[in-house]
Amino acid sequence: MTEKKTLKYRFLLKAVGFLPVRRIMAGPPEKTQKLFRKAYKGENIPELHDPALDMTCEKVNGSSVLYFRHKSGSERLGIYLVGGGMLKYPKPGQAKEVLQLAKKSGRDMMLPYYPIIFTGAALPDVYEMLYALYKQALGKYKPENICIMGGSSGGNLAIGMASYINDKGEGLPLPGRIYASSPGTLLMTEEEKAFAHKLEKTDVVMSVKATDSVWDGMTGGREVPAYMKHLQLGDYTGLKDVYLSFGGDEVFLAGAQCIQKRLEEYGVHVTLEVGEGLYHSYAMLPLVKDARDGYERFIKYISE
């Protein structure tokens, strides 16, 4: 990747810079939630059709899950977790993207509409729903054939599921692969925080203050285990392979090396990709040509 940005990318950065995104995300959780609540329209699950796939919507622990199954059959599964700090359900465009990922990767796919803040839920409720979904998936797919993927808070959940499975103590095997694009986490060390403050100059979406505000909103004031607060403290026993991607211009890059180190302490094979000059979750959200290579590597990883 090159640090020289395309014209479209430079225009995008300027456009986002004029919007109050960082200010909104860094504000008190109740104010941010109020803004999202005004735009809240419930689950918007589109009717999609493709000659190669069967698509159904089913309930797991009271939450909707959109399934994409290959009519010819597939032994591999992908579970796609959207980001957004538990402030919104997947958009119709994201459902269409998951359909395309099913076709490109050859995997069956699950898109959970996991609980969000407006339903009275908090982070532990999301984990419990996803745990039930994973247990259901193990009834059909071998764990080594399951890949959990997500960006931003969805990336945090994707990695965090390993610790949650281990914490439950029911002996469930872990998924064969996890792909996490810009997984959000609270910063721990002074070195991380100092680096994050430097990255604030180039991050047009998040700030150090925003990471704390989003976290407060996701937990709803509940006390949660340390591994939910910090991916740097997770229990990754039994996990084998993780792919991490971070934008070179985003605040969450500050925690990347500590997360990698923690994973490797548990014997996990880790690939860490840093997109120079790129934005939050670029690899799963290729809005500009600059991010396309990262997206193609994402597709390759979940296809293997």
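The values are calculated or read from the model by the stated rules, or taken from the named source; none is laboratory data. These numbers come from a predicted model, not from an experiment. Neighbour counts run over all protein chains shown; Cβ positions are idealised from the backbone, glycine included. Just so you know, the surface numbers come from the protein's heavy atoms only, side chains and all, with ligands and any DNA or RNA stripped out. Shrake-Rupley method; radii C 1.70, N 1.55, O 1.52, S 1.80 Å.
If you go through the range 214-245 and keep only what is open to solvent by 50 Å² or more (accessible area, probe 1.4 Å), farther than 15 Å from residue 256 by Cα and part of a helix (DSSP H, G or I), you end up with 216, 226. Scanning the range 110-134 for residues that are aromatic (Phe, Trp, Tyr) and under 17 Å from residue 43 (Cα atoms) gives 113, 114, 118.
Test residue 192 against the stated conditions and say whether it is more than 20 Å from the chain's Cα centre (by Cα), of a type outside the set (A, V, I, L, M) and open to solvent by less than 10 Å² (accessible area, probe 1.4 Å). So residue 192 passes the test. Restricting attention to the range 1-38, the residues that are at pLDDT below 80, surrounded by 14 or more Cβ atoms within 10 Å (Cβ to Cβ) and outside any helix (DSSP H, G or I) total 1. Among residues of the range 269-294 that are more than 19 Å from residue 154 (Cβ to Cβ), those with a beta-carbon under 7 Å from a residue that is surrounded by fewer than 17 Cβ atoms within 10 Å (Cβ to Cβ) and β-branched (Val, Ile, Thr) at least six positions away or on a different chain give the pairs 288/6; 289/6; 290/6.
Just one of the listed residues (217, 151) is modelled with pLDDT under 95, under 21 Å from residue 21 (Cβ atoms) and small (Gly, Ala, Ser), and it is 217.
Across the range 84-127, the qualifying residues are those that are modelled with pLDDT of 95 or more and of a type in the set (Gly, Ala, Ser), and the one among them that is surrounded by the fewest Cβ atoms within 10 Å (Cβ to Cβ) is 93. Residues in the range 167-185 that are outside any loop (DSSP other than H, G, I, E, B) and of a type in the set (Ser, Thr, Tyr) were compared, and the one that is farthest from residue 85 (Cα to Cα) is 179.
If you go through the range 46-65 and keep only what is open to solvent by 50 Å² or more (accessible area, probe 1.4 Å) and in contact (Cβ under 8 Å) with a residue 40 or more places away in the chain, you end up with 61, 62.
Within the range 256-272, not a single residue is over 21 Å from residue 163 (Cα atoms), open to solvent by 10 Å² or more (accessible area, probe 1.4 Å) and over 15 Å from the mean Cα position of the chain (by Cα).
Does at least one position in the range 266-278 carry a residue that is outside any strand (DSSP E or B), among the aliphatic types (A, V, I, L, M) and farther than 29 Å from residue 12 by Cβ? Before you say what the answer is, go through the steps one by one.
The initial filter retains those residues of the range 266-278 that are outside any strand (DSSP E or B), namely 266-268, 276-278.
Among the residues that remain, those that are also among the aliphatic types (A, V, I, L, M) are: 268, 278.
Right, trim to farther than 29 Å from residue 12 by Cβ and you get 268.
Scanning the range 266-278, I find at least one residue that is outside any strand (DSSP E or B), among the aliphatic types (A, V, I, L, M) and farther than 29 Å from residue 12 by Cβ, so the answer is yes.
In the set (1) exposed (fewer than 13 other Cβ atoms within 10 Å of the Cβ); (2) assigned to a helix (DSSP H, G or I); (3) of a type outside the set (S, T, N, Q), the condition left unmet by residue 41 is number (2).
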